[in-house]
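Chemist: Structure incoming, see below.
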Amino acid sequence: MADARTSPGSRVVPRVSPDAQRALDVTLGLAGMTVGAAVVAVRTAHRVTAPVTRLLWRPPLLPRSLHPATILEEAARTGRAEQVALRRRFEVLLDAWAPVLVEAVVERIDLTRLVREHVDLDALVASVDLDAAVARVDLDAIAATLDVDAVVARADLDAAVARVDIEAILDRVDLDAIAATLDVDAVVARADLDRVIARIDIVRIVEEVLDAIDLPAIIRDSTGSMASETVRGVRMTGVSADDALSRVVDRALFRRRHPERPGGPA
Amino acid sequence: MTGEDAAPELSSIPREARRFQGTPAGIVTRFVANSIDALVVAVMLCTMYLGYSAIIFMLDPRTFEFPAVTFLASLTVALVVATLYLWLAWWLLGRSYGAHVMGIRVAGRRGRKLGPLRALARAWFCVFFPIGLFWCVVSPHRRSVQDVVLFTSVVYDWRPRTPAGPDPQPPAVGESPGMPGAAS
């Protein structure tokens with residue numbers, strides 16, 4: 001009379017044949033008519049038997065506590081109290097078992113796939129007032145909890161720096177202006193020059209300088225017997241006299257000065 | 001900081017004298033140098049005479065008398081001694097004592113010292129024709145007759161030692177065949 005087909009979403013949908021559907025409609029129609037007739041009958045019987053019923057609920061000759069209505073009201077109050085007590089016990093049981101049951105259920109369900117397939121996350125996120133959420137977040141407190149050292153230690157700074165065009169940055173930097181703002185005197189005053197000098201191999205530097213300038217040869221030349229001020233003066237006098245005499249001769253011979261001479265044009 | 005760096009050369013020559021190092025020396029300086037050399041030769045002759053006298057004295061003190069010297073013999077000895085003195089000085093040292101005092105030296109081709117033959121020829125020429133020195137007064141390159149003939153020159157050089165190689169200072173003067181040189 002009925003079969004079932006599997007939908008693409010693997011959901012089972014019952015399929016009812018037309019005959020069965022018609023039989024079901026007839027049944028429901030008859031049931032409705034029966035119920036309507038029953039209601040009419042009950043209303044009529046109630047209207048007819050109402051005085052009798054009132055007499056039975058509240059017999060005039062019996063004390064009030066023995067009236068059936070009073071007894072039923074008392075039973076109703078007792079039942080209501082029992083209901084409250086039962087609800088409390090049920091809630092206690094629910095509190096105890098619900099986490100266990102939910103945990104057992106969740107373990108057997110792929111919630112991520114379930115949410116992805118059945119929840120419209122875009123619509124959900126669109127309905128969230130992210131600005132208000134961010135405004136309520138204490139970013140300072142979050143930042144205070146960050147271990148910046150650990151973050152930096154995990155970062156590959158070499159790779160990051162390798163991608164930076166340092167030359168372009170330096171081209172934009174006005175090093176002259178920066179250097180002009182430096183208080184060199186203060187920098188030097190803070191420097192421990194003694195330590196710097198202590199790290200310098202002065203002996204090696206002096207040896208290299210002496211090798212480069214051939215100091216012994218200079219000392220030999222300077223301390224030679226002909227290096228005195230007197231000899232130097234005699235030589236310079238001779239040079240000046242040579243030059244003066246050459247000028248006189250050149251002038252007498254109408255000759256231009258020779259460039260090779262000390263006083264000659266360059 | 002190595003010795004190979006092309007650092008400016010340090011020199012013991014006074015700063016005011018560096019600009020004319022290697023340039024031709026003039027007549028005054030050369031004349032003074034030659035005068036000192038003449039004085040040196042005179043001292044050498046006196047020493048030789050005294051030595052000769054001392055030898056004679058030691059051989060026969062009782063009849064000793066200072067040996068008589070004739071002008072010709074003295075002149076001959078003086079010329080020979082002067083020639084030998086200048087020859088050895090120019091060949092071995094590049095300068096005589098007088099040139100050493102005045103800060104000049106005799107240079108050959110490319111500023112080098114003279115060879116033995118040229119040094120001997122120049123010494124003989126200077127001793128027997130000393131007036132040739134004065135040609136450097138009118139020579140545009142300050143060259144004496146000896147310089148012109150022997151392709152030598154006399155240049156200012158205050159360094160005590162004569163360089164073994166070419167003169168690093170201004171180009172050696174008068175070394176081309178067409179540029180006669182200074183001296184005596």
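Chemist: Looking at (1) within 12 Å of chain A (Cβ to nearest Cβ); (2) on the phi < 0 side of the Ramachandran plot; (3) of a type outside the set (Ser, Thr, Tyr); (4) open to solvent by less than 40 Å² (accessible area, probe 1.4 Å), which is the only condition residue B:15 fails?
Modeler: Going through (1) within 12 Å of chain A (Cβ to nearest Cβ); (2) on the phi < 0 side of the Ramachandran plot; (3) of a type outside the set (Ser, Thr, Tyr); (4) open to solvent by less than 40 Å² (accessible area, probe 1.4 Å) one by one, residue B:15 breaks only (4).
Chemist: Continuing with the same structure: Being within 13 Å of another protein chain (Cβ to nearest Cβ), open to solvent by less than 50 Å² (accessible area, probe 1.4 Å) and assigned to a helix (DSSP H, G or I) is the filter here, so list the residues in the stretch B:134-160 that pass it.
Modeler: The answer is B:136, B:137.
Chemist: Right, next: Check off (1) farther than 23 Å from residue B:55 by Cα; (2) touching a residue at least 12 places away in the same chain (Cβ under 8 Å) for residue B:117 and give me the number that stays unchecked.
Modeler: For residue B:117, the exception is condition (2).
Chemist: Scan the stretch B:95-127 residue by residue and report those that are within 11 Å of the chain's Cα centre (by Cα) and within 14 Å of chain A (Cβ to nearest Cβ).
Modeler: B:95, B:96, B:97, B:98, B:99, B:100, B:101, B:102, B:103, B:104, B:105, B:107
Chemist: In this structure, does residue B:31 turn out to be within 14 Å of chain A (Cβ to nearest Cβ), open to solvent by 70 Å² or more (accessible area, probe 1.4 Å) and not aliphatic (A, V, I, L, M)?
Modeler: Spelling it out, residue B:31 is indeed within 14 Å of chain A (Cβ to nearest Cβ), open to solvent by 70 Å² or more (accessible area, probe 1.4 Å) and not aliphatic (A, V, I, L, M).
Chemist: Right, something else. Residue check: is residue B:122 part of a loop (DSSP other than H, G, I, E, B), modelled with pLDDT of 90 or more and closer than 26 Å to residue B:48 by Cα?
Modeler: no
Chemist: Does the stretch A:61-68 contain any residue that is in contact with a helix residue (DSSP H, G or I) (Cβ under 6 Å, 6 or more places away or on another chain), at pLDDT 85 or above, of a type outside the set (Phe, Trp, Tyr) and surrounded by 10 or more Cβ atoms within 10 Å (Cβ to Cβ)?
Modeler: yes
Chemist: What's the total number of residues in the stretch A:215-263 that are surrounded by 13 or more Cβ atoms within 10 Å (Cβ to Cβ), outside any helix (DSSP H, G or I) and either facing chain B (nearest Cβ under 8 Å) or at pLDDT 75 or above (or both)?
Modeler: So the count comes out to 7.
Chemist: Can I ask one more? What is the number of the single condition among (1) open to solvent by less than 60 Å² (accessible area, probe 1.4 Å); (2) at pLDDT below 95; (3) out of contact with any Phe, Trp or Tyr (no Cβ under 8 Å at 6 or more places or on another chain) that residue B:20 does not meet?
Modeler: Unmet for residue B:20, out of (1) open to solvent by less than 60 Å² (accessible area, probe 1.4 Å); (2) at pLDDT below 95; (3) out of contact with any Phe, Trp or Tyr (no Cβ under 8 Å at 6 or more places or on another chain): (3).
Chemist: Sticking with this structure for a sec: Working only within the stretch A:177-192, note down all residues that are open to solvent by 80 Å² or more (accessible area, probe 1.4 Å) and not hydroxyl-bearing (Ser, Thr, Tyr).
Modeler: Of everything in the stretch A:177-192, those that are open to solvent by 80 Å² or more (accessible area, probe 1.4 Å) and not hydroxyl-bearing (Ser, Thr, Tyr) turn out to be A:178, A:180, A:182, A:183, A:184, A:185, A:189, A:190.
Chemist: Just to be sure I understand, how many residues within the stretch B:76-99 are touching a residue at least 60 places away in the same chain (Cβ under 8 Å) and open to solvent by less than 60 Å² (accessible area, probe 1.4 Å)?
Modeler: 5
Chemist: Go through the stretch B:44-73 and report how many residues are open to solvent by 50 Å² or more (accessible area, probe 1.4 Å) and in contact (Cβ under 8 Å) with a residue 12 or more places away in the chain.
Modeler: 6
Chemist: While we're on this one: Among B:28, B:43, which is the only one that is in a helix (DSSP H, G or I), at pLDDT 95 or above and farther than 16 Å from residue B:105 by Cβ?
Modeler: Step by step, each of B:28, B:43 is checked, and only B:43 is in a helix (DSSP H, G or I), at pLDDT 95 or above and farther than 16 Å from residue B:105 by Cβ.
The values are calculated or read from the model by the stated rules, or taken from the named source; none is laboratory data. Predicted model, so just to flag it, every value in this text is computed and none were measured. Cβ: placed from backbone, ideal geometry, glycine included. Neighbour counts: every protein chain shown. Note: accessible area is taken over every heavy atom of the protein model, side chains too, but ligands, DNA and RNA are not part of it. Shrake-Rupley method; radii C 1.70, N 1.55, O 1.52, S 1.80 Å.
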